[in-house]
Amino acid sequence: MPTNCAAAGCATTYNKHINISFHRFPLDPKRRKEWIRLLRRKNFVPGKHTFLCSKHFEASCFDLTGQTRRLKMDAVPTIFDFCTHLKSMKLKSRNLLKKNNSCTPTGPSNLKSNISSQQVLLEHSYAFRNPMEAKKRIIKLEKEIASLRKKMKTCLQKERRATRRWIKATCLVKNLEANNILPKGTSEHILPTALRSLPLEDFKILEPDQQDKTLPIL
């Protein structure tokens, strides 16, 4: 009695309670060769007890006139699931490759590969091991950017205040020179070059309530 199907990837086994029939390879050399070709098994040679189950034949291939389901004389197997067979072969080859790699002894070549991989990690230290590490780094950088923006804003405010103080001081000195309170040429000795060359009309005149206030310390 048949035990299993010879088709690649077919797990059908003989069971008298299941309506699946098993069929021997034909004795005619031409038909037998055609069955082997359609089976697509490398170096496959069917024996006396090699069978194909009825799943691999179309309904038109069977002769149902008698009590036993028989194949017609011109019947050939045409139904195969080669994709499943190829996937299982790929999975086996991958598992075998992983097993071989895990059993490979540590030698000079492996040490070189480990050193080279470490060098790659050092050269590409900007890469992250996982998304969570990248997210933490982004949050840290955003905080640093916000802190730098705050410092830049403070520096700009200090610069504007210092500029206003220089302008007020320049206005005061030039007004005192114009009123002959200070000797001529005093502004050339105490004011910066960029301010001493500008005429008094280009500066904003202090308001009366600000002129009586003490000049802030520069």
Among (1) of a type in the set (Ser, Thr, Tyr); (2) part of a helix (DSSP H, G or I); (3) at pLDDT below 85 - the single one residue 214 does not satisfy: (2)
Test set (1) open to solvent by 90 Å² or more (accessible area, probe 1.4 Å); (2) at pLDDT 80 or above - residue 147 fails condition number: (1)
Candidate set from segment 53-65 (those that are open to solvent by 50 Å² or more (accessible area, probe 1.4 Å) and assigned to a loop (DSSP other than H, G, I, E, B)); member that is nearest to residue 28 (Cα to Cα): 58
Search result, residues across segment 18-52 that are farther than 14 Å from residue 8 by Cβ, open to solvent by 90 Å² or more (accessible area, probe 1.4 Å) and among the basic types (Lys, Arg): 24, 30, 33, 48
Verdict on residue 132 being more than 28 Å from the chain's Cα centre (by Cα), of a type in the set (A, V, I, L, M) and either over 30 Å from residue 191 (Cβ atoms) or open to solvent by 90 Å² or more (accessible area, probe 1.4 Å) (or both): no
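The values are calculated or read from the model by the stated rules, or taken from the named source; none is laboratory data. All values reported here derive from a predicted model rather than from experimental measurement. Positions of Cβ are backbone-derived with ideal geometry, glycine not excepted, and every protein chain shown enters the neighbour counts. When the accessible area is computed, the model is the full protein with side chains, heavy atoms only, and any ligands, DNA or RNA have been set aside. Shrake-Rupley method; radii C 1.70, N 1.55, O 1.52, S 1.80 Å.
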